[in-house]
Amino acid sequence: MKLSKSFDRHSRAVENAGRLAGWRAQTALEHVPLNQFGESSKETICKMLGISRSTARSNPTMKAIFGQLDAEIAKMHARNQEKRAPEGTSKSGLTSQEINEALAELQTDNSRLRRKLNALMYLEDTGLDVRP
């Protein structure tokens, strides 16, 4: 007895959706490949699973799985944004004004050291020995 084409397509669609669901269950959100928009990279995931890209667009079960995956990724990004330091403070707890003051101090020190280095380079280039 030969199976009809529609049954083969249906069984293949169920198999592909099952493969995607199994991969999703085993893969942590941090390890899901992302596209340039911060969503799951359907092309990369389908390549890994041996599923054609067109199947991901036409299979309603796979569309739902990818939609749920993208929603979970968006929630994860939102949580990561909330964990970031509030405006005006850095991870070290310094305000932007304190950071700018420290930067100005370091730039002044850097300029002083550059002048000293340039003077020593001049003396070396002209052949003057300044060693004690």
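The numbers here are math on the coordinates, done by the rules we state, and not lab data. Only a predicted model underlies this, so the values are computations on that prediction, with no experimental measurement involved. Quick reminder, even Gly has a Cβ in these numbers, built from the backbone with ideal geometry, and neighbours come from all protein chains shown.
Note on the chain: lysine pairs with Cα distance below 22 Å, sequence gap of 8 or more or different chains, count 6. Taking amide hydrogens as placed 1.01 Å from N in the peptide plane, the amide H of LEU34 sits under 5 Å from those of SER41, each at least 5 positions away in sequence or on another chain.
By other beta-carbon atoms within 10 Å, ranking VAL14, VAL32 with the fewest at the front produces VAL14, VAL32.
Subtracting the Cα-Cα distance of GLU105 and ARG79 from their residue separation scaled by 0.36 nm leaves 5.8 nm. Note on ALA71 and LEU29: their simple-model spin labels are 1.3 nm apart, each label 7 Å out from Cα toward Cβ. Maximal additional length on extending the SER41-SER92 stretch stands at 14.9 nm, based on 0.36 nm per residue less the C-alpha distance.
Our helix-only sum for the chain, with -39,500 (n - 2.57) per DSSP H run of n ≥ 4 divided by its residues, gives a mean residue ellipticity at 222 nm of -23500 deg cm²/dmol.
For the stretch 98-110, 3J(HN,Hα) computed residue by residue from phi via the Karplus equation (6.51, -1.76, 1.60; θ = phi - 60°) reads 5, 5, 5, 5, 5, 5, 4, 5, 5, 5, 5, 4, 4 Hz, glycine and proline entered as x. Treating each Cα of the chain as an identical point scatterer and summing with the Debye formula, the log10 of I(q)/I(0) at q = 0.10, 0.14, 0.20, 0.21 Å⁻¹ comes to -0.61, -0.78, -1.11, -1.17.
Take 21-30, 41-50 and order them by the average number of nearby Cβ atoms within 10 Å per residue, most first; the result is 41-50, 21-30.
What the phi angles of the stretch 16-23 give under the Karplus curve with 6.51, -1.76 and 1.60, with θ = phi - 60°, is a coupling list of 4, 5, x, 5, 5, 5, x, 5 Hz, glycine and proline written as x.
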